[in-house]
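Input: a single structure, listed below in structure tokens.
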Amino acid sequence: MERHEHMKTFGDEQRFALAYDLRDDPDAGGAPAERASWGGLRIWVGGRNLTAGRAGNDFVDLAEVPLLPIVRWFVEQWNPMLHEERLPRDMPSLSAAAWRMNSIGRLPQAEDQLDALLEDRERWWKRHGLGSALPEYRIPDLHLRRAGAEVELSWDDREWRSVPRGLRLIESPGAVLVPADDAAHVVLEWSKSVLAQLAEAPAAETIAIELQRRVMSIEAGDDPLERLQWAAGPQLRRAALHLRSLLGITTGHVEDTLRSLLGVTDASGGGPITRLTVPAMLLRSTAPSLSTADVEKLVRLVGTASERRPRLADIQQHEPPPSIDPMAITQDGYDRALDLRQQLGLSPTLPVSGPSDLELVILPDLGVEVVDIQLDDTNVSGVAVLHPGHQPLIAINLSGRYSRTPWGRRMTLAHELCHLLYDLDEDGQVGVVSNPWAPDRMERRANAFAAMFLMPMSAVAPLLPSDARRWSAPLLRDAMKALGVGKSAFTWHLVNLGLLSVSERDAWIDEL
């Protein structure tokens, strides 16, 4: 493999690294500043060289492209690229690059709906897809987006191979999570180095110096409000305008109201990555069409100060889901549920009811407050909120499609408990609205946790004969009643435990 040892490399190739060198202008056309920035580019993510490829029988390990458009894209898209997490549509996807391709796998029939989807997809790509910086060149379409305290780096080769440039990139699709500060440092140091060299080239000097000034502003964290608005989504500004109108506020600026709603302080910036406030964390996981009334209700849930330290704090862990792999995420949820049952001294064979009832006994003992709210959005089941110095809170949406029943409420409470225990950010905060727009990794783990916490195998086994051929609808109904769960959660859990196949589950659902 050809190596270019003189390339400047920033970061760790086993996690995330960018490398470059400047090269002679191949007279490939374009603006003089771009031609002056011609160079080699290498991108490493998770130990994989995304710029490796084949041109016929020849192997190449880098891309030769103008570097200035890449730096400009990093600078111009910095705030949404590293602070916006919510995907444009609520199609389940564990990575942004996968969503970009999967979103056009089944296109809507109506022309206006198709146009709206394609426009959403294009706008997202320009904010998060590196390929949009150089659409005429064959470079990896690396996607960068915020994922809580981390940044997701994802890529998908399906679209690369359709570009007729005679070069085939060879890395298969993938995704990696790195700490947000680390990802930001790699991009900034790489960009600063490129700009320092371009500032000495007469053709690129003016543009390079202007971009250097903007990089300094990024490093200083001068615009936390804009960054948090990207995290919270478009419904926040609508709610701020509505609130000002409702209260008859005519002085000051809407930005003042936004700062108040988001809890922005002078210390909210503090560098290239802005940490999310609890309201921003809540709103990032809601539908972008959320009503202004719902926005205001969610912001008010941040809570009141508590003078005592809840027992919950003794067992909390800042433990993001382990990877992008769905099976690993599910297993992590199962393991944590069984560990918690053991920590709480719950009998492994008994359901969480009676003297160990989840809502009436366990949650109060942990110091978790449970409240009911009524949201316009029926897709919201529950909300988990924890602000340091405040009482941990679970809010149940009484109008939620799944949380309005007694068994749906129990699953929601267990689901939100998982968020409070393990989905803390680096400041010990939690803010999750459980609905189809919430971060898929967090929701997947919380679903698995809730199922195993309420239905461990040792509690299910005594209720059902080992031979599934002896099962009956009344028997399954009795088991569901004993465990306090509904048929959907129960039967899916039986599938995950290996007691039913998917087709058998479908048959039982029909009969139940």
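Pairs only if they're at least six apart or on different chains, beta carbon under 6 angstrom, first in the range 476-492 and without any contact (Cβ under 8 Å) to a residue 24 or more places away in the chain, second part of a helix (DSSP H, G or I) and aromatic (Phe, Trp, Tyr); list them, first residue then second. These pairs meet every condition: Thr491/Trp508. Within the span defined as the range 15-38, every residue fails to be more than 26 Å from Asp223 (Cβ to Cβ), modelled with pLDDT under 95, under 29 Å from the mean Cα position of the chain (by Cα) and in a loop (DSSP other than H, G, I, E, B).
Condition first: within 23 Å of Thr330 (Cα to Cα) and out of contact with any strand residue (DSSP E or B) (no Cβ under 6 Å at 6 or more places or on another chain). Can you find one or more residues in the range 461-474 that meet it? Checked against the condition, which is being within 23 Å of Thr330 (Cα to Cα) and out of contact with any strand residue (DSSP E or B) (no Cβ under 6 Å at 6 or more places or on another chain), the range 461-474 yields at least one hit.
Where helices (runs of 4 or more DSSP H) fall entirely within the range 270-388, those with at least 2 residues that are out of contact with any strand residue (DSSP E or B) (no Cβ under 7 Å at 6 or more places or on another chain) and small (Gly, Ala, Ser) are at 326-343.
Given the structure, is Glu119 closer than 30 Å to Ile209 by Cβ and among the acidic types (Asp, Glu)? Answer is no for this residue.
Of note, Glu34 satisfies the criterion of being crowded, with 18+ Cβ neighbours inside 10 Å, touching a strand residue (DSSP E or B) at 6+ places or on another chain (Cβ under 7 Å) and among the charged types (D, E, K, R). Scanning the range 408-416 finds one or more residues that are of a type in the set (Lys, Arg), touching a residue at least 60 places away in the same chain (Cβ under 8 Å) and closer than 30 Å to Pro288 by Cα. Does Val65 qualify as being in the same structural domain as Gln14 (by TED's automatic domain parsing) and within 17 Å of Met216 (Cα to Cα)? Considered against the rule, which asks whether it is in the same structural domain as Gln14 (by TED's automatic domain parsing) and within 17 Å of Met216 (Cα to Cα), Val65 comes out as no. Only one entry of Arg123, Arg146 meets the criterion of being outside any helix (DSSP H, G or I) and surrounded by 12 or more Cβ atoms within 10 Å (Cβ to Cβ), and that entry is Arg146.
Scanning the range 53-91 for residues that are part of a loop (DSSP other than H, G, I, E, B), within 21 Å of Glu13 (Cβ to Cβ) and among the charged types (D, E, K, R) turns up just one, Asp61.
All conditions but one from (1) closer than 23 Å to Val302 by Cα; (2) surrounded by 22 or more Cβ atoms within 10 Å (Cβ to Cβ) apply to Arg445; the one that does not is (1). State all residues of the range 405-423 that are among the acidic types (Asp, Glu) and part of a loop (DSSP other than H, G, I, E, B); if no residue qualifies, say none. If the condition is that a residue be among the acidic types (Asp, Glu) and part of a loop (DSSP other than H, G, I, E, B), then Asp423 is the only one that fits. For the range 317-331, state whether one or more residues are modelled with pLDDT of 90 or more, under 26 Å from His83 (Cβ atoms) and not assigned by TED's automatic domain parsing to the domain that holds Pro179. Yes - at least one qualifying residue is present in the range 317-331.
Scan the range 75-89 and give yes if some residue there is β-branched (Val, Ile, Thr), more than 18 Å from the chain's Cα centre (by Cα) and modelled with pLDDT of 95 or more, otherwise no. Yes, the range 75-89 contains a residue that is β-branched (Val, Ile, Thr), more than 18 Å from the chain's Cα centre (by Cα) and modelled with pLDDT of 95 or more.
Taking the listed residues Pro66, Pro80, Pro88, the one that is crowded, with 19+ Cβ neighbours inside 10 Å, farther than 24 Å from Gln229 by Cβ, in contact with a Phe, Trp or Tyr (Cβ under 6 Å, 6 or more places away or on another chain) and not polar (S, T, N, Q) is Pro66, with no other qualifying.
Tell me whether the range 369-389 contains one or more residues that are loosely packed, with under 14 Cβ neighbours inside 10 Å, hydrophobic (A, V, I, L, M, F, W, C) and either outside the structural domain of Cys418 (by TED's automatic domain parsing) or free of Cβ contacts under 8 Å to residues at least 24 places away in the same chain (or both). No, there is no match, as no residue in the range 369-389 is loosely packed, with under 14 Cβ neighbours inside 10 Å, hydrophobic (A, V, I, L, M, F, W, C) and either outside the structural domain of Cys418 (by TED's automatic domain parsing) or free of Cβ contacts under 8 Å to residues at least 24 places away in the same chain (or both). Close Cβ contacts (under 8 Å, 6 or more residues apart or on different chains) running from residues in the range 182-209 that are over 18 Å from Leu144 (Cβ atoms) to residues that are surrounded by fewer than 18 Cβ atoms within 10 Å (Cβ to Cβ) and basic (Lys, Arg) comprise Ser193/Lys8. Taking each residue of the range 446-468 that is in contact (Cβ under 8 Å) with a residue 60 or more places away in the chain and looking for partners that are in a loop (DSSP other than H, G, I, E, B) and of a type in the set (Gly, Ala, Ser) with beta-carbon atoms closer than 8 Å, six or more apart or interchain, yields Leu454/Gly484.
The values are calculated or read from the model by the stated rules, or taken from the named source; none is laboratory data. Here the structure is a predicted model, which is why all the values come from computation and not from measurement. Please note: Cβ atoms are built from the backbone with ideal geometry, for glycine as well, and neighbour counts cover all protein chains shown.
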